[in-house]
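Peer 1: I have a structure here, written as structure tokens, and I will follow up with some questions on it.
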Amino acid sequence: MNKMPADIIAIANQKGGEGKTTTSINLAHGLSLAGKRTLLVDMDPQGNSSGIFAEVDNLTKTVADLFLKKCTAEEIIIPTKYPNLDLMPAKISLAEVELSTLNVDAPYVMRDALDSVKDRYDAVVIDCPPSLSIFTINALGAAGYVVIPLQAEKFSIDGIKGLQGTIEGIKRRINPELRILGALITQLKSNTVLTKTILPVIQNYFPVFHTSISTGVAVGESHLSRRSLLDYSSGVKQAKEYQAFVKEVLDGIKK
């Protein structure tokens, strides 16, 4: 029986501070803990996902080299300290990739790169930058699914319509197979009037995961310790919420 290629999940929102990197790290680790051979792709020039798993300053091959056609995906991917979890890292050099060096194939660089390695994995998680840049377009062009982390705050929902338009444009022009798995509410302050008011607004645009991620200090502490939250403190509320979210993602992919 032939193995199915990996399910590719982009974690996207053009606004910063919404929990994309935290969600990417913990979804990727959670999938690996569920026995899925997982690849985490860092498409953010800030390289925060990569910094959890690698010494970024020591990296000689990164995602930027894909766009500059210097390396293949296979040459860039490195193992992490977690079983079943590999990393395709990024660092600030990705921001220096000149748009002038990109050609008509630019939206397809990541799709083509992953085509060469996706048979080795059950899942690929792509951490997108906080912008609707060529790198986010690449991630959405390569992905089968998109997860949208966002806070239940006014400024967080202001850009929802633009993000929805971008996703619909990608589906029309580049990747008709792209499916929205859902919006994940992060840094939730429960039982506030704001939360109760804004949740229905979000649901007008995207399906919303039943699980939400509460606000709390454990997330920041796990970043400082350079570990996933599921590793750093698996018993805290936010870790249990991410575990429930991973299960929802797995159930959503099966549908």
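The values are calculated or read from the model by the stated rules, or taken from the named source; none is laboratory data. For clarity, every value in this text was computed on a predicted model and none was experimentally measured. All Cβ positions, glycine included, derive from the backbone under ideal geometry; neighbour counts span all protein chains shown.
Peer 1: Of everything in segment 175-225 that's part of a loop (DSSP other than H, G, I, E, B) and of a type in the set (V, I, T), which residue is farthest from E153 (Cα to Cα)?
Peer 2: This residue is V217.
Peer 1: Hey, does segment 188-200 have a residue that's modelled with pLDDT of 80 or more and either crowded, with 19+ Cβ neighbours inside 10 Å or in contact with a Pro (Cβ under 9 Å, 6 or more places away or on another chain) (or both)?
Peer 2: Scanning segment 188-200, I find no residue that is modelled with pLDDT of 80 or more and either crowded, with 19+ Cβ neighbours inside 10 Å or in contact with a Pro (Cβ under 9 Å, 6 or more places away or on another chain) (or both), so the answer is no.
Peer 1: While we're on this one: For the subset of segment 145-155 comprising residues that are touching a helix residue (DSSP H, G or I) at 6+ places or on another chain (Cβ under 8 Å) and of a type outside the set (D, E, K, R), which member is farthest from A6 (Cα to Cα)?
Peer 2: A152
Peer 1: May I ask you to list pairs of residues, at least six apart or on different chains, whose Cβ atoms are under 9 Å apart, with the first in segment 96-125 being farther than 15 Å from A64 by Cβ and at pLDDT below 90 and the second being charged (D, E, K, R) and in a helix (DSSP H, G or I)?
Peer 2: Pairs that qualify, where the first residue is farther than 15 Å from A64 by Cβ and at pLDDT below 90 and the partner is charged (D, E, K, R) and in a helix (DSSP H, G or I), are D105/D112; P107/R173.
Peer 1: Now a separate question. For segment 15-40, how many residues meet the condition of being buried (at least 18 other Cβ atoms within 10 Å of the Cβ), touching a helix residue (DSSP H, G or I) at 6+ places or on another chain (Cβ under 7 Å) and either at pLDDT 95 or above or of a type in the set (S, T, N, Q) (or both)?
Peer 2: Total satisfying the criteria: 12.
Peer 1: Something else about it: Regarding I170, is this residue crowded, with 19+ Cβ neighbours inside 10 Å, of a type in the set (V, I, T) and either under 23 Å from L87 (Cα atoms) or without any contact (Cβ under 8 Å) to a residue 40 or more places away in the chain (or both)?
Peer 2: Yes, satisfied.
Peer 1: Go through segment 165-174 residue by residue and tally those that are under 15 Å from V147 (Cβ atoms) and not in a helix (DSSP H, G or I).
Peer 2: Total meeting the criteria: 0.
Peer 1: Which condition number in (1) closer than 17 Å to G16 by Cβ; (2) within 16 Å of the chain's Cα centre (by Cα) is the one that G182 fails?
Peer 2: For G182, the failing item is (1).
Peer 1: List every residue pair whose Cβ atoms sit under 9 Å apart, with the two residues 6 or more apart in sequence or on different chains, where the first one lies in segment 49-61 and is acidic (D, E) and the second, anywhere, is at pLDDT 90 or above.
Peer 2: Here the result reads D57/K91, each pair linking segment 49-61 to a residue that is at pLDDT 90 or above.
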